[in-house]
1. Acidic (Asp, Glu), more than 16 Å from the ligand (Cβ to nearest atom) and either in contact (Cβ under 8 Å) with a residue 40 or more places away in the chain or more than 24 Å from Asp209 (Cβ to Cβ) (or both): does that describe Glu373?
2. For region 317-328, what are the residues that are crowded, with 22+ Cβ neighbours inside 10 Å and over 17 Å from Val297 (Cβ atoms)?
3. So, in region 83-103, how many residues would count as being more than 25 Å from Glu838 (Cβ to Cβ), within 16 Å of the ligand (Cβ to nearest atom) and aliphatic (A, V, I, L, M)?
4. Restricting to region 246-272, and then to whatever is within 23 Å of the chain's Cα centre (by Cα) and under 14 Å from Glu292 (Cβ atoms), can you tell me which residue is surrounded by the most Cβ atoms within 10 Å (Cβ to Cβ)?
5. Criterion first (of a type in the set (Ser, Thr, Tyr) and farther than 30 Å from Pro513 by Cβ) does Ser667 satisfy it?
6. Would you mind finding the one in Val282, Val297 that is buried (at least 17 other Cβ atoms within 10 Å of the Cβ), more than 14 Å from the ligand (Cβ to nearest atom) and of a type in the set (A, V, I, L, M, F, W, C)?
7. Would you please list the contacts, defined by Cβ atoms under 6 Å and residues six or more apart or on different chains, that run from a residue in region 520-538 that is closer than 18 Å to Arg506 by Cα to a residue that is surrounded by fewer than 17 Cβ atoms within 10 Å (Cβ to Cβ)?
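Values in this text are rule-based calculations from the coordinates and carry no lab data. Just so we're clear, the structure is a prediction, and the values are computed from it rather than from any experiment. No Cβ is skipped: glycine too gets one built from the backbone with ideal geometry, and neighbour counts run over all protein chains shown.
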Amino acid sequence: MLNDVLTPPAQRDALRDDSASEIPAAAAWTAPLLWQTGDSVVDLRESIRAKLTFALGRTPESARPRDWFAATALALRERIVAACMASEKAVPNKRVYYLSLEFLIGRLMSDAMNNLGLTETTRAALRELGVDLDAVQDAEPDAALGNGGLGRLAACFMDSMASIGIPAVGYGIRYDHGLFRQSFEDGWQREAPETWLAEGNPWEFVRPDASYTIGFGGTVTMSSPNEGVIRRHWQPAETVRAVAHDIPVVGWRGRHVNRLRLWKAEAGEPVDLARFNGGDHVGAVAARSRAEAISRVLYPSDSSAEGQELRLRQEYFFTSASLQDLIARHVNERGDVRSLPDHAAIQLNDTHPAIAVPELMRILMEDHDLSWEDAWHVTTNTLNYTNHTLMPEALETWPVELMERLLPRHMQIIYLINWMHLEEQAKHGRQDPAHQDAAYLASISLIDEAHGRRVRMGHLAFHGARRVNGVSALHTDLMRSTVFAHLHALDPDKIVNKTNGITFRRWLHNANPGLTRLAVETVGSGVLDDPALLRGLEAHAEDPAFVARYAAVRRQRKEALARLVAERTGTDIDPEALFDVQVKRIHEYKRQLLNVVETVALYQAIKAEPHRDWTPRVKIFAGKAAPSYVQAKLIIKLACDVARAVNDDPEVAGRLKVVFLPNYSVSLAETIIPGADLSEQISTAGMEASGTGNMKFALNGALTVGTLDGANIEIRDHVGADNIFIFGLDAAGVQAREAEPGYAARAIQASPRLAAALDMIASGRFSPGEPGRFRPLTDDLRRRDQYLLTADFDDYWRVQRSIDAAWRDPRGWWAKAIRNTARMAWFSSDRSMREYAEEIWRVRLS
Ligand code: 26W
């Protein structure tokens with residue numbers, strides 16, 4: 001059925017035929033997609049035209065790009081549905097349920113087209129309608145239902161599961177407003193609501209029949225004993241409806257389709273009729289707004305647990321709806337809920353769905369009459385938990401008082417789980433005095449008594465899960481040795497390492513068609529299915545003809561990035577310069593400030609010796625700060641103020657430029673990453689659980705400057721120590737340094753360069769109207785420096801100058817870049833998903 005249209009160059013001209021309704025062969029050659037299905041241009045063209053007319057009620061003359069996008073998406077969706085029906089015909093032996101409060105999907109059209117092999121057919125169909133595919137693609141809003149790494153990982157995993165044939169459903173929330181839109185007002189971050197649904201979502205199917213009741217508050221009653229068993233029943237005070245909205249996720253070559261099921265919150269009753277008739281019109285609709293608030297907006301913080309009641313309501317809402325849905329499916333297919341672990345594997349993406357532990361227990365006991373022991377067996381053999389951070393401020397805990405008020409039955413179940421868990425240890429403790437110690441029991445308890453009484457969601461998820469995984473090798477080791485050390489000792493096989501990955505279909509094939517084409521021409525089209533074939537590029541790392549083509553691809557991507565920068569910031573940047581890029585959420589531990597301080601030091605050094613042969617650099621930043629994260633917003637402001645001063649200074653012109661691109665997003669990343677020469681992955685060692693941007697850059701051939709943190713370590717192991725720039729303390733070094741009070745002051749004293757850069761920032765040189773503006777940053781570095789910027793600064797400077805030198809040897813640079821691309825195959829999320837499937841889910845690929 002599938003027709004590979006890779007055409008050898010010699011035959012291209014012979015095949016060139018621009019007659020209507022044929023895909024021009026040359027277009028197939030230059031297009032991102034290197035294969036296509038047999039679907040005809042005429043069929044698709046007519047299908048798009050019909051959607052525009054009958055589904056959207058538009059004429060071709062009046063249609064805007066947004067309308068053409070909707071019409072095209074609807075036409076493609078129809079083709080996905082056909083594949084979907086085929087996928088769903090047979091009941092799979094086991095399904096994976098991926099529960100995530102975030103799915104940072106971005107645009108779906110290029111994924112859908114490429115995976116269906118319809119990119120060129122679509123391009124030709126639209127061309128015949130007088131429409132340009134690129135403009136249509138640009139009209140698709142990003143689905144930004146996530147904050148950063150955790151949400152993007154979930155999106156990559158959905159693509160990989162569909163591509164390698166893991167039957168799966170992703171469960172999340174259909175937020176009306178995804179991550180806020182960022183703009184800059186004089187360098188200060190401003191947030192505005194994002195409205196991706198303003199004109200509807202052509203990819204989704206509303207499923208009013210798949211809707212569930214979610215309770216909150218109320219009381220717990222006891223039934224009178226029946227055969228000696230007393231049953232407890234929860235009577236919620238308030239109920240909300242969860243309504244399913246499905247987005248089909250089509251895998252590579254259209255072989256398999258999974259679904260992303262997002263829940264929208266609706267009021268149980270649209271208006272409270274009794275109140276309405278009683279004259280209380282406002283009160284009557286208040287309950288409705290309260291219910292609908294649950295799926296209104298994504299929480300924009302990825303770095304601190306803000307502890308708001310609405311957040312807990314979101315977490316319980318989507319977890320309960322998802323569990324009810326998957327149990328209904330299971331019972332419908334298999335009859336008996338006890339066999340759930342044989343046919344379902346549930347993955348909790350961080351602790352946000354950790355309430356699944358007591359909720360599954362409650363459903364099994366209350367609705368299915370299972371005993372505590374049987375329910376616990378089913379629960380602990382179905383649930384698994386991925387941890388994404390060990391930073392104390394990001395570990396979720398909920399006040400017991402809040403849980404008791406909002407989820408009284410769940411709190412009782414948590415108490416009972418905890419009592420049994422501690423009792424078990426106390427039993428061991430009677431033989432082993434080390435396990436009797438109150439401090440030991442406090443450390444493994446699901447309730448933290450030291451900071452008011454709070455439920456530790458990480459401990460709850462850990463205890464209720466069959467497998468718990470870290471997201472890089474280092475992160476997994478740190479889970480075993482720090483936060484979960486005692487729980488780990490009780491069950492040493494529970495924690496496993498599953499290093500993150502990225503989907504190459506989006507981050508190489510779609511984002512960098514030029515590089516993909518070069519790879520296909522060099523090692524064959526099999527590389528589209530099996531990234532291990534990228535290895536074959538290595539043999540060409542020093543072949544001048546290949547290098548020239550690789551460099552030409554980069555040049556083209558750099559020009560595209562330069563155009564984007566000019567358009568969005570008004571600053572011209574020179575594609576000849578080294579593009580040095582740090583794009584990610586703004587957080588102190590990610591140390592954008594280290595990069596900015598080094599920029600200031602470089603600025604000073606260039607001004608001190610303007611006639612030296614400096615390597616021209618453009619520092620490119622992008623990323624959002626949580627709206628409440630004052631220090632992070634000040635770091636953005638500093639970067640913008642430094643950018644202005646540097647870019648306005650003729651003395652450094654042609655040597656140094658600094659830009660901060662507003663409103664970082666998945667789509668922006670797709671343009672930025674292929675245009676980068678240098679990838680900044682400079683977090684304090686031990687703090688970045690994995691990183692996934694690091695993988696996207698290295699795959700596209702940017703060299704990494706990084707610390708021995710997260711997956712950087714594994715990237716170094718794969719690309720080779722000669723092809724990456726490592727600096728700074730490792731995790732053990734960080735731990736040792738943290739134990740030395742006053743280290744920052746000493747480090748600054750020992751580094752005149754660092755001291756001078758900090759002095760310049762503190763002096764008001766970048767904030768003339770407000771000299772004290774950046775004192776909160778410089779004072780903090782001098783006093784506390786929690787993220788050890790001062791400890792790593794000199795080594796960072798050193799490695800950056802060695803990068804300058806490496807850039808001046810293009811042959812050496814390109815060889816390193818090519819080796820990066822050639823050796824990154826292991827970081828495909830297909831590999832991650834195969835490992836999860838085998839070692840956590842025990843599910844067969846279909
Ligand atoms: C409760 C507030 C909150 C919300 C989200 C705290 C922490 C989070 C996430 C765990 C933050 C996150 O996105 N973590 C990132 O997960 C990626 C995927 O595993 C990793 O690559 C990143 O290193 C990690 O920071």
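1. On the way: acidic (Asp, Glu): yes; more than 16 Å from the ligand (Cβ to nearest atom): yes; either in contact (Cβ under 8 Å) with a residue 40 or more places away in the chain or more than 24 Å from Asp209 (Cβ to Cβ) (or both): yes.
So Glu373 fits the description; yes.
2. Going through region 317-328, the residues crowded, with 22+ Cβ neighbours inside 10 Å turn out to be 317-323, 326.
Scanning region 317-328 gives Thr319, Ser320, Ala321, Ser322, Leu323, Leu326.
3. Residues in region 83-103 being more than 25 Å from Glu838 (Cβ to Cβ), within 16 Å of the ligand (Cβ to nearest atom) and aliphatic (A, V, I, L, M): 1 in total.
4. Filtering region 246-272 down to residues within 23 Å of the chain's Cα centre (by Cα) leaves 246-252, 256-264.
Those left that are additionally under 14 Å from Glu292 (Cβ atoms): 263-264.
Numbers: Trp263: 29, Lys264: 21.
Per the criteria, the residue is Trp263.
5. Details: of a type in the set (Ser, Thr, Tyr): yes; farther than 30 Å from Pro513 by Cβ: no.
It is false that Ser667 is of a type in the set (Ser, Thr, Tyr) and farther than 30 Å from Pro513 by Cβ.
6. Working: Val282 fails: buried (at least 17 other Cβ atoms within 10 Å of the Cβ).
From the options Val282, Val297, the qualifying one is Val297.
7. From region 520-538, the pairs are Ser525/Leu6; Leu533/Gly526.
Residues checked against (1) within 13 Å of the ligand (Cβ to nearest atom); (2) within 26 Å of Glu542 (Cα to Cα); (3) in a helix (DSSP H, G or I):
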| position | (1), (2), (3) |
| --- | --- |
| Arg612 | no, no, no |
| Ile636 | no, no, yes |
| Asn663 | no, no, no |
| Ser683 | yes, no, no |
